[in-house]
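Shown next, in structure tokens, is the structure this report addresses.
The values are calculated or read from the model by the stated rules, or taken from the named source; none is laboratory data. Computed from a predicted model, the values in this text were never measured in an experiment. Note that each Cβ is placed from the backbone with ideal geometry, even for glycine, and that neighbours are counted across all protein chains shown. Side chains included, ligands, DNA and RNA excluded: accessible areas come from the protein's heavy atoms. Shrake-Rupley method; radii C 1.70, N 1.55, O 1.52, S 1.80 Å.
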Amino acid sequence: THKSMADFLAIATAAERQEAETQASQTTLCCCEYIAEDKQHFHMLGCCCNCEDFDLVCTRLITCKRIEQRNIDGMLIAFQDRLRLPWRGGAKRISPAALAPAFIVPLMMGLAALNAKTGIVLMLTLIGFTSWGLQLAERTATKTTFFLSWIVFSIVYMVVIFEFEVPLLELLPEENYILLLLSGGALYALYRTKQLAALNLVTTQYGTTPKDELPGITEASSGEEQSEQQAAADTILGIDDDDEDYDGDEGESTGLMQQHGQHGGQPNICESCRKVTPRRAYHCAVCGSCVKRRSHHSYWLNCCIGERNFRWYLMALALSECALLLGANLTLTAVCHPFLVVRLLGIPLLLPDDCSEVFEDFELGISFVVAAYAMLISSYITFVLVRQLYMWYRGTTLHEFKRVKPSNNGGSGNGNGSRNRIWSNWRAMLK
């Protein structure tokens, strides 16, 4: 008995010592250390060392031997795991997709500043590459930080070039202050849009019972799909509907119980995540959760636009549009030959006239390219903003607009409903 008790105490003491050593090792990481996938401690300075797959790939490449796919995959995984940023409490992993725009954007701007033909080709290539990337991400429902990183580095480079390359002697101080104010407001609105995106997710456990334990769940889901499409069609056609603005979990629960009563007690259950969701909540395959009043998933912000951040999203689009157009106008009138259009309250309104000499100097050329890049972005934002305002005017969301089927009656006889819906939208926005 005494021997078994002593063995037990020895084992317990060793386990406590091992746990204490593990906790100490985890809390004593310096800013350049990290724990790899194999639970081993590594240092950032050794990123190119101790990689057997990399050594084997290089050896086989030099000796012209066949390289196996598993060695290439292991080498790429090791590189991705060791791409780190020094941080307090341990080095943080950096996604290659988030780091790529840091090199692509300045390289593109620098090459486009060489001459006009190169600039046109690169801008057209940028449009095609962006369209292809967005379609690929949407088709595969991929959650990526590439486009968000592209926005961040584009803003940084445009601000740096505007403040240090554009001849500010040609600008009024008030114009520079207004541009900085608009840019700061747009950045804050984008930050709030990203920050409030988590509040759109349906996290309340209205019910997570498996489908096979809920009788009639298949029929209810099928009927609910048809009722959602009909509700979206009624919304677009302007048919008045209940406009309670659910705020918080209590409002969602109340709306859910009302919906249960309207649909004969059958819950509105998402077939993807098996949650009972509130009215007008739809599942996002990228976020992996249902989103309250989901409009769409913004790959540029890497989050969903829904009930809580829709107003901030519109504000960010409007302020970004104003900042980009003002910055492009100030840059072009500073590097090109401007002409006076009109004077408003004593402030001259100038527009560029002749920009044929901008590519003779690299500083003027890079400023002109940044202005053209800003105008290209502003045209895209204009399209997105007009589309979102139109959806808001019709009392629907982009997701519901895409889901609705064409109506057979042509939408006639819905004047009063449209006016009531428009007034409800304005009232909800001004709350």
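Would you please give the FRET efficiency between Leu199 and Ser95, computed as 1/(1 + (r/R0)^6) with r the Cβ-Cβ distance and R0 = 35 Å, to the nearest 0.05?
Numbers: r = 25 Å, r/R0 = 0.70.
For R0 = 35 Å, the calculated efficiency reads 0.90.
Ranked by accessible surface with a 1.4 Å probe, highest first, in what order do Ile62, Ile178, Ile151 come?
Largest accessible area first, the residues go Ile62, Ile178, Ile151.
Heavy atoms of the protein only, probe of 1.4 Å, neighbouring chains included. What is the accessible area of Val404 in Å², nearest 10?
Ignoring ligands and nucleic acids, Val404 comes out at about 30 Å².
State the extension gain, in nm to one decimal, for the chain segment bounded by Phe129 and Asp73, taking 0.36 nm per residue of separation less the distance between their alpha-carbons. Walk me through the numbers before you get to the answer.
On the way: separation 56, 0.36 × 56 = 20.16 nm, distance 2.58 nm.
Gain on stretching Phe129 to Asp73: 17.6 nm.
What FRET efficiency would be calculated for the residue pair Glu174, Leu107, taking the C-beta separation as r and a Förster radius of 51 Å, to the nearest 0.05? Don't jump to the answer; show the numbers that get you there.
Details: r = 34 Å, r/R0 = 0.68.
Using R0 = 51 Å, I get an efficiency of 0.90.
In nm, to one decimal, how far is the modelled label at Leu85 from the one at Asp55, with both set 7 Å along Cα→Cβ?
3.2
Which pairs break 25 Å Cα to Cα here: Lys65/Lys143; Lys92/Lys143; Lys65/Lys92? Walk me through the intermediate numbers first.
On the way: Lys65/Lys143 37 Å; Lys92/Lys143 19 Å; Lys65/Lys92 36 Å.
Long pairs (Cα-Cα over 25 Å): Lys65/Lys143; Lys65/Lys92.
Along segment 92-102, what does the Karplus equation 6.51 cos²θ - 1.76 cosθ + 1.60 (θ = phi - 60°) give for ³J(HN,Hα), rounded to whole Hz, x for Gly and Pro?
Once θ is set to phi - 60°, the couplings for segment 92-102 become 9, 6, 10, 6, x, 5, 6, 8, 4, x, 4 Hz.
Please find the FRET efficiency linking Phe383 to Arg403, where r is the Cβ-Cβ separation and R0 is fixed at 25 Å, and quote it to the nearest 0.05.
0.75
Got a sec? What order do Ile155, Ile77 fall in by accessible area at 1.4 Å, biggest, i.e. largest, first? Can you show the working numbers first?
Numbers: Ile155 50, Ile77 90 Å².
From most exposed to least exposed: Ile77, Ile155.
Going by amide H atoms built from the backbone, whose H comes under 5 Å of the H on Asn268, apart from near neighbours?
Long-range HN contacts for Asn268: Thr277.
Report the label-to-label distance for Phe339 and Phe362 in nanometres (one decimal), using points 7 Å from each Cα along the Cα→Cβ vector.
Simple spin-label model gives 3.3 nm for this pair.
At a threshold of 8 angstrom on Cα-Cα distance, excluding pairs fewer than six apart, so keeping six or more, what relative contact order does segment 45-139 reach in percent?
Details: 45 pairs, mean separation 13.6, N = 95.
Dividing the mean separation by the residue count of segment 45-139 yields 14 percent.
Using a 1.4 Å probe on the protein heavy atoms only, what accessible surface does Cys322 show? Give it in Å² to the nearest 10.
About 70 Å², rounded to the nearest 10.
Along the Cα→Cβ direction, 7 angstrom out, place labels at Ser272 and Phe164. What is the inter-label distance in nm?
With each label placed 7 Å out from Cα toward Cβ, I get 4.3 nm.
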